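Each remark here refers to the structure printed beneath this line.
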Amino acid sequence: MTNPIIKLENICFAYPGSTVKVLDSLDLEVYAGDRIGMMAPNGSGKTTLFHTIMGLCRPDAGKIEIFGRPVSTEQEFQAVRSKIGLMFQDADDQLFCPTVVDDVAFGPLNLGLSADEALDRAREMLSTLGIADLETTITHRLSGGQKRLVALASVLAMEPRVLLLDEPTAGLDNGVKDKLVKIMNSLDISYVVISHEFNFLTAITDRVFSMENGKILADEEVRVHQHEHMHKLGNHPHKHH
Amino acid sequence: MTNPIIKLENICFAYPGSTVKVLDSLDLEVYAGDRIGMMAPNGSGKTTLFHTIMGLCRPDAGKIEIFGRPVSTEQEFQAVRSKIGLMFQDADDQLFCPTVVDDVAFGPLNLGLSADEALDRAREMLSTLGIADLETTITHRLSGGQKRLVALASVLAMEPRVLLLDEPTAGLDNGVKDKLVKIMNSLDISYVVISHEFNFLTAITDRVFSMENGKILADEEVRVHQHEHMHKLGNHPHKHH
Amino acid sequence: MISEELAQGDSIIHRLDPCVRVVCALVVSFALALSSQFEVLGLYLVFALALVFLASLGAGPVLKRLKPVLLFVIMIWVILPFTHGGEPLVRIGPLTMTRPGVELCLRITIKSVSILMVFIALLATMTVATLGQALHRLRVPDKLVFLLLMTYRYIAVIQEEYQRLLRAARFRGFVPGTNIHSYRTYAYLAGMLFVRASLRAGRVHNAMLCRGFNGTFRSLDSPSSNRLNPVFMTGVSALTLMLVVTEILWK
Amino acid sequence: MHISEGVLSGPVMMAGAALAVAGTAVGLKKIDYDRIVHVAILSSAFFVASLIHVNLGPSSVHLILNGVVGLLLGWAAFPAILVALLLQAVFFQYGGITALGVNSVIMATPAVICYYLFSPFLNKGRKTVFAASFLAGAGSVFISCLLLGFSLYLTEKSFLEVSLLVVTANLPVMIIEGIVTGFCVTFFHKVYPEILPRGRSNS
Ligand SMILES: Nc1ncnc2c1ncn2[C@@H]1O[C@H](COP(=O)(O)OP(=O)(O)OP(=O)(O)O)[C@@H](O)[C@H]1O
Ligand SMILES: Nc1ncnc2c1ncn2[C@@H]1O[C@H](COP(=O)(O)OP(=O)(O)OP(=O)(O)O)[C@@H](O)[C@H]1O
Ligand SMILES: [Mg+2]
Ligand SMILES: [Mg+2]
């Protein structure tokens, strides 16, 4: 078995000024090729987990290894950050440049590409996602679905080795969701996706994790649980314990 | 048959500066006791429809009757507005007072109640929804699900005769959804609910409408359509035409 | 709100390098603001009209944009000619219009309308995104350019937030009036805007870090080469210089 | 509150531009790279909030809120206000290039002054916070009026009446600004104290 590309060990994290441990001795391993879904109640710490992987929340205890190397300082995180593509819950937070092409080229420029190379890569990314016509659009004029796709393009333009997607379908209609499913299934990249939509998750991932009390619930438990639910409660929404 | 409490006749609406008719000769009747679901793609005009009922988008043609009286001027809408409770797509947009109780009391205060009466009504509403303990919490510190429930409390504190809920479950986990289902089923009030989630809709409404080309599709058509889909495509997300 | 409708056009001016437009706008505006001879001001007015014509803007949108300044001009014509001391010109009932008062008004009118027309023709015809790029290439400090672009980016987002908050208040029976309850409500709405702006700033900063931002701003420079650029630049500079010299010699 | 294009005399215009450049330079220097996004987005909020109209008897006035911006941003208020005014010029033609300097100075100077005078009181009790921010809100508008009047007076002695008129006409605006700023800052104090400067040591 190869090394995991992301490995969290015994991570504890509480927001400053709070005593609640949002992450509590959490363990997680993501291997190359993994396509993981994550479905857990609001406030269970999914976003915090992603931010911890990116080094935006520094854990109070525990060890983070990314691509086989331990990371803990800002320098170390900076070095790996561009290889992990995080897509934020709110696309507006991520599209901070005035035009679409500026935004998609922002990452490549920071990677040290020349303006021309960055432009080429941005254009290529946009056409891969089928939104080449948006190139010169002013970002704040995009519709919700377009914003989401451009945000994805911005992240993919960094050529990350692993993607972290935080509720990519929130507020999207089925048309855009379908498009996302197609895109995700055509990508040759590992990813972890947070979503509240079971259908979407099963369509694009191989396993679904859950979170509870600051820990990740193992695959098996979740599977069993979901099976039971399908039989007992059918179509009706109900609470997972 | 009694009169409808909301009646739209031949409503046409285009946003200023646009030629696309978002609502195009739309008809809608809501009767006392109706529990209607609405499920349609993004941008099909659901939110616009709600805003038209509230008098925020003024139709270019057509007639609106609310509680049996025609309404068209700002004064007329103002008079009925407090009797229709609209819950926004994003609960954050609805909570702007410092604490939960301030927020729930805001509507009653505007209705002319004294500060004490408003406070009483707010507290009563909070305990009805089972969130009395949140009373003095700072609104923007609430979790997503709590925000939703407080927003609902704020709307219900106006004692509306009909509720319009715009995607009340977006981004919520199943626990909160369940709670919402229970609350909605216990309310003795007519409502129209927009949602992209079929399960949630069927759990709390008696009929589900759709929208297409600026018109509301009749109940029957939608039923047939959804049936077919269940068989052919099962769990996978797909586009509705 | 932010329509930037004038930026959509296609004209000689629209096709010029934005840097050239910014420099020309600065030169002409300041030269104009500093002159005072009526003959010269008249020529500037013609110059400004010519620029508007070159930008092929319709009279409607231009007048719409001139509305604030036209209102201001009307206001000063109602007050200044009568309050300014000096040689009387016309007497209307108990009021006296003075010559210096009228001259001052006329001068302000020509200047303000012309300066705004220059602004509309040269600057309002580009989006702020383009303006930011031009300022960057003109060596305006990166921080300021970034501030401009970022502020521009989020105005629409925050404006929408405000509209939704206000709408929510109105749906719950809020009718603004002249009373403490209304002022407090507006204060809460404004306060909420700032709070949400601040929270968003934290998220945006994180998003920038995730995309490899490390304190240096890089941007896609795309100078548009256009043979008209040097021609326009020379033409505008020569004309302005001529007007400035005329102004000085006239005295 | 602003002075239109074409009104000011050359020296006043140039002095305003110079002061604006200096203030902006100081402000930019005080913003480090971690804070710049913050300043920018608060500047967008300022832009939007300053378009809010509140009722005043039968008419309405728009909020200014340069006091709030001053309390939140300190010296960074200078570039933030400059940028907001430039964008107002581009979008609505409230002003143009030549008066931009003077107008920024008129709006931003009081913001910085109020920051130094009143921010030390912002970590006290509710009543003190309200009083201090009331004074910051009303005071900013008052100082802005004085600066505006002064620029007009320097341009043309006969503008004296107009200047006095500006100050008196804005008296009710000052009171409204005071009240709104008071409630606004107590709102921050209660729901999100992190947004307020933590004392002046780090400014
Ligand atoms: N900046 C913060 N400061 C303090 N507490 C926070 C902060 N951000 C989140 N929290 C708290 O941490 C917990 C986990 O939040 P997080 O956003 O990670 O949850 P989530 O699983 O992503 O939820 P959602 O499904 O709503 O996005 C919540 O209880 C939340 O209230
Ligand atoms: N303020 C506006 N100005 C112009 N066009 C608008 C405005 N708001 C919405 N639209 C357009 O009107 C159409 C209907 O929008 P609406 O928000 O009513 O759709 P919706 O069905 O609620 O979608 P969603 O599921 O995304 O909430 C869309 O095409 C949208 O682009
Ligand atoms: Mg989250
Ligand atoms: Mg909607």
Problem - Order by protection proxy (mean Cβ within 10 Å, highest first), peptides D:136-144, C:167-175 - result: D:136-144, C:167-175
Problem - Minimum Cβ-to-axis distance in chain B for the rotation onto chain A, with residue, whole Å - result: B:Ala170, 3
Problem - Cβ neighbours within 10 Å from other chains - mean over B:45-55 - result: 1
Exercise for the section: Grab the other residues whose beta carbon is less than 15 angstrom from that of D:Phe134, score K and R as +1, D and E as -1, and report the net. Expected result: +3
Handout entry: Choice from D:Tyr33, D:Tyr115, D:Tyr192 with maximal GNM fluctuation in chain D (Cα, 10 Å cutoff)
Key = D:Tyr33
Exercise for the section: Give the shape of the stretch D:1-84 as rounded, prolate or oblate, defined through the alpha-carbon gyration tensor: a ≥ b ≥ c are the square roots of its eigenvalues, a/c under 1.5 means rounded, and otherwise the shape is prolate if a/b is larger than b/c and oblate if not. Expected result: oblate
Handout entry: Size of chain D as Cα extents on the principal axes (Å, biggest first)
Key = 47, 42, 29
Practice task
Could you please report the charge total around D:Tyr33, scoring K, R as +1 and D, E as -1 over all other residues with beta-carbon less than 11 angstrom from its beta-carbon?
Solution key: -1
Problem - Ascending list, in nanometres, of distances separating the B:Asp116 label from those of the other copies (7 Å, Cα toward Cβ) - result: 8.0
Handout entry: Projected-area average for the protein assembly as shown over all orientations - Cα convex hull basis, square nanometres
Key = 41.1
Practice task
Would you list, by chain and number, the lysines whose Cα falls below 21 Å from the Cα of A:Lys83, excluding same-chain residues fewer than 8 positions away?
Solution key: A:Lys7, A:Lys46, A:Lys63
Practice task
Shielding by partners for A:168-175, please: the mean number of other protein chain Cβ atoms within 10 Å of each residue's Cβ.
Solution key: 5
Handout entry: Folded to 0 to 90 degrees: helix B:144-156 orientation relative to chain B principal axis, Cα
Key = 90
Completion exercise
Label points for A:Lys83 built 7 Å along Cα→Cβ; distances to same position in the other copies, nm, shortest first, come to 6.6
Problem - Per-residue [θ]222 nm for chain A (sum of -39500 (n - 2.57) over DSSP H runs n ≥ 4, rounded to 500) - result: -11500 deg cm²/dmol
Completion exercise
Longest principal axis of chain B (C-alpha) makes with the long axis of helix B:219-233 (C-alpha) an angle, in degrees to the nearest 10, of 80
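Treat the count of other C-beta atoms within 10 Å as a stand-in for reagent exposure and order C:Met242, B:Met158 from fewest to most.
C:Met242, B:Met158
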Practice task
Please average, across the residues of B:95-108, the number of beta carbons from any other chain that are within 10 Å of each residue's own beta carbon, and give a whole number.
Solution key: 4
Exercise for the section: Once you have a ≥ b ≥ c as the square roots of the Cα gyration tensor eigenvalues for the stretch C:140-210, tell me rounded if a/c is under 1.5, and otherwise prolate or oblate according to whether a/b is larger than b/c. Expected result: prolate
Practice task
With a/c under 1.5 counting as rounded, go ahead and sort chain C into rounded, prolate or oblate using the C-alpha gyration tensor (a ≥ b ≥ c being the square roots of the eigenvalues; past the cut-off, prolate if a/b is larger than b/c, else oblate).
Solution key: oblate
Exercise for the section: Along Cα-to-Cβ, 7 Å out, sits the label point; list in nm, shortest first, how far the one on B:Asn3 is from those in the other copies. Expected result: 7.6
Practice task
Springs between alpha-carbon atoms under 10 Å, Gaussian network over chain C: tell me which of C:Leu66, C:Leu209, C:Leu116 tops the mean-square fluctuations.
Solution key: C:Leu209
Practice task
On a 0 to 90° scale, report how tilted helix D:126-155 is relative to the longest principal axis of chain D, with both axes built from alpha carbons and the result rounded to the nearest 10.
Solution key: 10
Handout entry: Helix runs (DSSP H) in chain C reaching 20 Å along axis by Cα, Kyte-Doolittle at least -1.0
Key = C:18-34, C:38-54, C:59-83, C:99-122, C:142-171, C:180-210, C:228-250
Fill in the blank from the handout: Across D:Pro120, D:Pro110, D:Pro79, the residue with the highest GNM fluctuation in chain D (Cα network, 10 Å cutoff) is D:Pro120
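Of the peptides B:32-41, C:69-78, B:55-64, B:12-21, how do they stack up when ordered by the mean number of other Cβ atoms within 10 Å, highest first?
On the way: B:32-41: 19.6, C:69-78: 15.5, B:55-64: 17.2, B:12-21: 12.1.
Output ranking for B:32-41, C:69-78, B:55-64, B:12-21: B:32-41, B:55-64, C:69-78, B:12-21.
Readers should treat all values here as calculations from the given coordinates under stated rules, not as data from a laboratory. The model shown is predicted, which means the values in this text are computed figures rather than measured ones. Cβ sites come from the backbone with ideal geometry, for glycine too, and all protein chains shown count toward neighbours.
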